[in-house]
Every structure is written in C-alpha cells, then in structure tokens.
C-alpha cells in the first residue's frame, strides 16, 4: 500500500500526461533538433540532414530512418524538426493510440 501511495503521489505531480523522464528525453531531442537541416523530399515526408547522416521522416506513418522514434515512442530530433515544420503539435505525436483492445482489470 505504501508503494501504491508513493506512485500515485508521483503521478499526480506530473505537469503533463507524459512522465518526467519522457519529457526529459523529449526536451533533449528538441535541443538537438535545432542543429539539423530540413527539406521536403516531395514524396512521403522530409529529409533531415544531421551531419554526416540524412534521415527520412514520414509523419503520416510516424517513422524516422534513425528508428529512435519507433523504438522509444518519443519523437527523435529529426521528427521534431519535421513536426515543427509541419506546424503540428509535438505532444500529439507521442505514443499514438493503438487499435488493440485496452487492458482492463480482472473481474472481481
């Protein structure tokens, strides 16, 4: 019960629906996004040059060729610059809803 109380208190202290650790990763990626170059590739998304690499970001599918966004569920620096260029909301791009059924508590 003590652990449950501590976790509940911790969650209630969040300023967003996103955990503080996820916000820390997101803010770090925002800072990294300020040093990349972006261009529309005219096909499926954006090409983002993060020297010496070029990554392709597809905002429709929510993917980046660096694979960080897909692995963590938190937009990478390349995706962040594309999201800002598209004038979309950054927080809406995290952990999209799934078509799988929601996990419900067991019946009593």
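For segment 55-94, how many residues meet the condition of being assigned to a loop (DSSP other than H, G, I, E, B) and either loosely packed, with under 14 Cβ neighbours inside 10 Å or modelled with pLDDT of 85 or more (or both)?
Of the residues in that region, 15 qualify.
Looking at residue 48 and the list (1) surrounded by 12 or more Cβ atoms within 10 Å (Cβ to Cβ); (2) at pLDDT below 90; (3) not in a helix (DSSP H, G or I), which single condition is not satisfied?
Single failed check for residue 48: (2).
The values are calculated or read from the model by the stated rules, or taken from the named source; none is laboratory data. Owing to the predicted nature of the structure, the values given are computational and were not obtained by experimental measurement. No Cβ is skipped: glycine too gets one built from the backbone with ideal geometry, and neighbour counts run over all protein chains shown.
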